[in-house]
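Colleague: The structure follows.
The values are calculated or read from the model by the stated rules, or taken from the named source; none is laboratory data. Note that the structure is a prediction, hence the values are computed from the model and not measured. All Cβ positions, glycine included, derive from the backbone under ideal geometry; neighbour counts span all protein chains shown. Ligands, DNA and RNA are excluded from the accessible area calculation, which covers all protein heavy atoms including side chains. Shrake-Rupley method; radii C 1.70, N 1.55, O 1.52, S 1.80 Å.
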Amino acid sequence: MEAVSQQIPLEHFLVLSAILFSIGVYGVLTRRNAVLILMSVELMLNAASINMVAFAAYASPAAFTGIIFAIFIITIAAAEVGLALAIILRIFRNRGTANVDEVDALKW
Amino acid sequence: MTVAQLIFYVIAALAVAGGLGVVLARNTVYAALFLILALLAVAGVYILLASEFLALVQVLIYAGAVTVLMLFALMLTRVGDLPETMTGAQWPLAAVVSSLLMGLLVTTVATSDWPGDADGTITRIPFEQLGEALFRQWAVPFEIASLVLLIALVGAIVLARDEDDDVEESE
Amino acid sequence: MGMTDAWVLPLLPAAAFVVLALFGPYLPRKGDWLAVLAIGSVFVLTLLIVADFTDALALQGEDFAGVTNSIQWMEVPGYLELNFGVHVDAITIVMLVVVSFVAFMVQVYSLGYMKGDARYGWYYAVISLFVASMLALVLADNFLLLYFSWELVGLCSYLLIGHYSHLRSAAEASKKAFITTRLGDVGLLIAIILLWRETGTMNIQGVIAAAEAGEVGREILTASVVLLFLGAMGKSAQFPFHVWLPDAMEGPTPVSALIHAATMVVAGVYLVARLLPLFELVAGGTELVLAIGLVTTIMSATMGLVMTDIKRVIAYSTLNSLGLMFVALGVGSPAAAMLYLFTHAFFKALLFLGAGSVIHATERQDVSGLGGLFSKMPLTGVTFAIGALSMAGLPFLAGFWAKDEILVALLENKIAFAFVLLTLPLTAMYMMRVFVLTFLGEPKEPEAQEHAHEGPPTMAVPLVLLAVLTLVTGFVVFDQVGRAMGFPGGIGEVIYLYGPHAFEFNVAVTLGSIALVAAGLGGGWYAWVVRPQLPASVMARLQPVHALLVNAYYLDALYQAIIDRVVLAGARVIAWFDRNVVNDTGIDGPAYTTGFAAYLMKFQQTGKLPNYALAMVIGIVALALVAFSLKA
């Protein structure tokens, strides 16, 4: 373990993470194509990962739990993408579209 | 402004640009390519945070495998060449809400006291320590994660498989 | 089988009812043997209880106040304690003997009379339920059980009057009986609640003791006594509730014999006799009973004279007798009332069963279509004559002794005495009339009599047994007879409630009443046998009086008018309120409001995922803003 100083305050990483997260939220809310929504979700996951790693590096260097968490996040994200894409494929096959606002059978 | 700071701002700008491209691009393939850009930029952020291993994983899995998978999905779900509206009708409200969310998060970050932010000193974690922690301290979660991955894989195959019965049913 | 085991008695026919109601159609002979077996066992067990009772009486003499056996049903400590149990004393014994014996006779008789009836099994089920509830009624040691059984006998009466449910008149009569008695029953219920609130107990003896100790306020006690008597009036068909009893003759004749002559209608007499101490505590209490009894006696005696339906004549004679019992109670002589009740049960059941035999044989019950039946049905004729003469009060028959007791008890009250004397020849006359028109003279509809014959042994045996009892029961008034039967101190000990009582004869009264009865019988004989044209000419001359009597003093018309004008008008107002305010506004209103709100809100459910996601994010942002504003 060695200490390095890069004169970048922790807040910078956190603000970057917040911006990326909000962009991801915007994408989830506006995109029609389910695959694009999934991409926006990946943006949000990455933003969270940045948060974790930044806290691990600055706040608890001895335990570096944040980094371990980031690894798990990537693992789960991979699983999630596989499953979600399979579901999207199935929806597309059944209903002929991958646009979420056209899949609205669950209503009155 | 140090070199490291300069590199951070460049990488951060790239990440934000990639993110905006993902949510704004009118072409789905462009959006996927913008996602690769954003993910690579995040890998750069990991390097700045002295987590080279994580950066490696990010590039290999995200930028490589996941994005390629998405491109395949885009290809499989394309409906002809009809020009499509890419953005839903609720985008103005979504923009307001997202901006509000960003404002709130940034305000929170700015008004809080964070440990270790005085001199910007971080600790580099060697690969060996990381590996040891992952396979000793975190062995059980690691195994569970691998199980989840396996099940997700099986589920994805079951869901995506093109069965004859299903075709009949859907017709 | 001691007195404390008396609770078994109602359970036997009740069990028979359950079995018959559930499995009756699958049993051989539809299970009638089960009902007869149950009531037969009750009769035998009753005899055992009577034996136990006489033993206790011999041991304790006049101090014997009865045996109580009760279990706790529920308790709210310090507030409410309810016990269910039986109380056996002298009055209970009399009622038990009457109910079990007459019910047994009637059930045997019904084997022949009801044969081939479409609802034969159901008839036996309900009559078992009736016997069970009647036994529970006389055994009850508390007001609650008494009220339950009181309502149950009313229900059975309703079901049995309407037994021939395909007849509209039967359905109407059953409704009329049920609603009319219900008017009185409400009074009884209110009285029970009032007394319970004042004394804190439901126990009958406890309530009497508390009232005698002056624990009940005078106004409350007066109100409860009047309301109690209202219940008795309804059940015992006293004026002005008497209108249901003649109509109740729509039921099968054995039912009339059991319920509407011997047992249920005397429940009111039983109740007043049991609670007479309460009546005596209230100023005017016994006078009320006396007045009501007198009015009923006189009205029914006059109406009985003109009715042409054989069962209705007997029904009016029942009213006549019930009125007499209340008169006896009203002058404070429950012993006379209970003796009359005891003897009346036998000869009135005999009269009804005899009438049933006639109806069974000729399928007619209007005397204008009968006559000359004596040669075809000698047994029925003789037994009916015994019953009729007993009702008239011919010496040495059961009715004579009991009536004489009432007359002696009335000596103190000249006016009531005079009125009762007035009814004696009337009673004798209409009993003679119904007998003559049914059994003597020429057949008025010969074709009806062609196939007339005596009923099967199941019908004949009860007639004979009841006739024999009618001949002999009167003699129990003699102490010697009572002692011979095992009652120490004579029968007066048994059917008297409190204090010793010796039956006494007043020679003048006896001779006078004999003379009046003889005059009535002779007059009847003269009018309908010697000069058969006489009644018609009298009828023609006294047309208004005749119309008044035939129409039962127009009381039915009056009640109908009240119901039409007052009750129905009120009901229409209530119906309007119910339809418009309660139903349309109160119930449909909230329902429609909810439905409309749901209709408006369902469009929130677009089914589009982005809308839901946006709502979630808005919620998160809003919560965060709230948190911020709270922090700031």
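Colleague: Can you find, within the range C:595-608, the residue that is farthest from A:ARG31 (Cα to Cα) among those that are modelled with pLDDT of 85 or more and open to solvent by 80 Å² or more (accessible area, probe 1.4 Å)?
Modeller: C:PHE596
Colleague: Which residue is farthest from C:PRO10 (Cα to Cα), if the candidates are limited to the range C:147-199 and must be small (Gly, Ala, Ser) and surrounded by fewer than 16 Cβ atoms within 10 Å (Cβ to Cβ)?
Modeller: Only one residue fits best here, namely C:SER169.
Colleague: Determine which member of the set C:ALA136, C:ALA51 is touching a helix residue (DSSP H, G or I) at 6+ places or on another chain (Cβ under 7 Å) and in contact (Cβ under 8 Å) with a residue 40 or more places away in the chain. Walk me through it before giving the result.
Modeller: On the way: C:ALA51 fails: touching a helix residue (DSSP H, G or I) at 6+ places or on another chain (Cβ under 7 Å).
Just one listed residue meets the conditions, C:ALA136.
Colleague: Considering (1) surrounded by 17 or more Cβ atoms within 10 Å (Cβ to Cβ); (2) under 21 Å from A:GLY27 (Cβ atoms); (3) more than 9 Å from chain A (Cβ to nearest Cβ); (4) of a type outside the set (Ser, Thr, Tyr), say which one B:GLY18 fails and leave the rest.
Modeller: Of the numbered conditions (1) surrounded by 17 or more Cβ atoms within 10 Å (Cβ to Cβ); (2) under 21 Å from A:GLY27 (Cβ atoms); (3) more than 9 Å from chain A (Cβ to nearest Cβ); (4) of a type outside the set (Ser, Thr, Tyr), the odd one out for B:GLY18 is (3).
Colleague: Further question on the same structure: Here is a list: B:ARG26, B:ARG78. Which entry is within 25 Å of A:ALA86 (Cβ to Cβ), more than 8 Å from chain A (Cβ to nearest Cβ) and basic (Lys, Arg)?
Modeller: Working: B:ARG26 fails: within 25 Å of A:ALA86 (Cβ to Cβ).
Result: B:ARG78 is the single residue among B:ARG26, B:ARG78 that is within 25 Å of A:ALA86 (Cβ to Cβ), more than 8 Å from chain A (Cβ to nearest Cβ) and basic (Lys, Arg).
Colleague: Given the criteria facing chain A (nearest Cβ under 7 Å), open to solvent by 20 Å² or more (accessible area, probe 1.4 Å) and under 27 Å from A:LEU83 (Cα atoms), does B:LEU54 qualify?
Modeller: no
Colleague: Kindly indicate which of A:SER40, A:SER60 is under 29 Å from B:PHE142 (Cα atoms), polar (S, T, N, Q) and at pLDDT below 90.
Modeller: Exactly one residue qualifies, and that residue is A:SER60.
Colleague: A further question follows. Within the range A:14-68, how many residues are over 13 Å from the mean Cα position of the chain (by Cα) and of a type outside the set (D, E, K, R)?
Modeller: The qualifying residues number 24.
Colleague: Another question, then. State whether one or more residues within the range A:39-58 are facing another protein chain (nearest Cβ under 7 Å) and open to solvent by 20 Å² or more (accessible area, probe 1.4 Å).
Modeller: Among the residues of the range A:39-58, not one is facing another protein chain (nearest Cβ under 7 Å) and open to solvent by 20 Å² or more (accessible area, probe 1.4 Å), which makes the answer no.
Colleague: Turning to a different aspect of this structure: If a residue has to be more than 19 Å from the chain's Cα centre (by Cα) and open to solvent by 10 Å² or more (accessible area, probe 1.4 Å) to count, how many in the range C:300-327 make the cut?
Modeller: Here the count works out to 6.
Colleague: Sticking with this structure for a sec: Can you tell me which residue within the range C:31-75, out of those that are within 30 Å of C:ARG119 (Cβ to Cβ) and aromatic (Phe, Trp, Tyr), is least open to solvent (accessible area, probe 1.4 Å)? So that I can check it myself, show each step before the final result.
Modeller: Taking the range C:31-75 and keeping what is within 30 Å of C:ARG119 (Cβ to Cβ), we get C:31-46.
Narrowing the set further to residues that are aromatic (Phe, Trp, Tyr) leaves C:33, C:43.
Values: C:TRP33: 113, C:PHE43: 42 Å².
Result: C:PHE43.
Colleague: Let me ask something else. Please state which one of C:LEU129, C:LEU139, C:LEU135 is open to solvent by 20 Å² or more (accessible area, probe 1.4 Å) and either in contact with a His (Cβ under 6 Å, 6 or more places away or on another chain) or on the phi < 0 side of the Ramachandran plot (or both). Write out each step before concluding.
Modeller: Values: C:LEU139 fails: open to solvent by 20 Å² or more (accessible area, probe 1.4 Å); C:LEU135 fails: open to solvent by 20 Å² or more (accessible area, probe 1.4 Å).
After ruling out the rest, the residue left standing is C:LEU129.
Results for (1) within 17 Å of C:LEU465 (Cα to Cα); (2) open to solvent by 10 Å² or more (accessible area, probe 1.4 Å); (3) modelled with pLDDT under 90, shown as yes or no for each residue.
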position: C:LEU353; (1), (2), (3): yes, no, no
position: C:SER368; (1), (2), (3): no, yes, yes
position: C:GLY372; (1), (2), (3): no, yes, yes
position: C:SER375; (1), (2), (3): no, yes, yes
position: C:VAL382; (1), (2), (3): yes, yes, no
position: C:GLY393; (1), (2), (3): no, no, yes
position: C:ALA398; (1), (2), (3): yes, no, yes
position: C:ILE406; (1), (2), (3): no, no, yes
position: C:ASN413; (1), (2), (3): no, yes, yes
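Colleague: Which of (1) more than 7 Å from chain A (Cβ to nearest Cβ); (2) exposed (fewer than 14 other Cβ atoms within 10 Å of the Cβ); (3) under 21 Å from A:TYR58 (Cβ atoms) does B:PRO115 not meet, given it meets every other one?
Modeller: (1)
Colleague: Determine whether C:ALA615 is assigned to a helix (DSSP H, G or I), within 14 Å of chain A (Cβ to nearest Cβ), of a type in the set (Gly, Ala, Ser) and closer than 27 Å to B:LEU104 by Cβ.
Modeller: On the way: assigned to a helix (DSSP H, G or I): yes; within 14 Å of chain A (Cβ to nearest Cβ): yes; of a type in the set (Gly, Ala, Ser): yes; closer than 27 Å to B:LEU104 by Cβ: yes.
Taking the combined requirement at face value, the residue satisfies it.
Colleague: Could we say that B:TRP91 is modelled with pLDDT of 80 or more, in contact with a helix residue (DSSP H, G or I) (Cβ under 6 Å, 6 or more places away or on another chain) and within 9 Å of chain A (Cβ to nearest Cβ) here? Reasoning before the result, please.
Modeller: Details: modelled with pLDDT of 80 or more: yes; in contact with a helix residue (DSSP H, G or I) (Cβ under 6 Å, 6 or more places away or on another chain): yes; within 9 Å of chain A (Cβ to nearest Cβ): yes.
Answer is yes for this residue.
Colleague: Still on this structure, please answer the following. Return yes or no: is A:SER17 part of a helix (DSSP H, G or I), at the interface with another protein chain (Cβ under 7 Å from one of its Cβ atoms) and either closer than 21 Å to B:VAL96 by Cα or touching a Lys or Arg at 6+ places or on another chain (Cβ under 6 Å) (or both)?
Modeller: When the stated conditions are applied, A:SER17 does not pass them.
Colleague: For the range C:600-614, which positions are under 19 Å from A:ASN99 (Cα atoms) and not aromatic (Phe, Trp, Tyr)?
Modeller: Within the range C:600-614, C:GLN605, C:THR606, C:GLY607, C:LYS608, C:LEU609, C:PRO610, C:ASN611, C:ALA613, C:LEU614 meet the criteria.
Colleague: Still on this structure: Restricting to the range C:415-454, count the residues that are open to solvent by 20 Å² or more (accessible area, probe 1.4 Å) and out of contact with any Phe, Trp or Tyr (no Cβ under 7 Å at 6 or more places or on another chain).
Modeller: Of the residues in the range C:415-454, 20 are open to solvent by 20 Å² or more (accessible area, probe 1.4 Å) and out of contact with any Phe, Trp or Tyr (no Cβ under 7 Å at 6 or more places or on another chain).
Colleague: Out of all the residues in the range C:599-612, which are among the aliphatic types (A, V, I, L, M) and within 10 Å of chain A (Cβ to nearest Cβ)?
Modeller: C:MET601, C:LEU609
Colleague: Quick test for you: out of A:ILE88, A:ILE76, pick the one residue that is within 19 Å of A:LEU29 (Cα to Cα), part of a helix (DSSP H, G or I) and either open to solvent by 10 Å² or more (accessible area, probe 1.4 Å) or within 14 Å of chain C (Cβ to nearest Cβ) (or both). Working first, answer last.
Modeller: Numbers: A:ILE76 fails: within 19 Å of A:LEU29 (Cα to Cα).
Every option except A:ILE88 fails the conditions.
Colleague: Consider the range B:95-112. How many of its residues are open to solvent by 50 Å² or more (accessible area, probe 1.4 Å) and either touching a residue at least 12 places away in the same chain (Cβ under 8 Å) or not aliphatic (A, V, I, L, M) (or both)?
Modeller: 4
Colleague: From the list C:VAL265, C:VAL226, C:VAL289, which residue is at pLDDT 90 or above and open to solvent by 30 Å² or more (accessible area, probe 1.4 Å)?
Modeller: Criteria check complete, one pass: C:VAL226.
Colleague: Can I ask one more? Being over 20 Å from C:ALA237 (Cα atoms) and among the β-branched types (Val, Ile, Thr) is the filter here, so list the residues in the range C:538-591 that pass it.
Modeller: Listed by number, the residues that qualify are C:VAL538, C:VAL545, C:VAL566, C:VAL567, C:VAL573, C:ILE574, C:VAL581, C:VAL582, C:THR585, C:ILE587.
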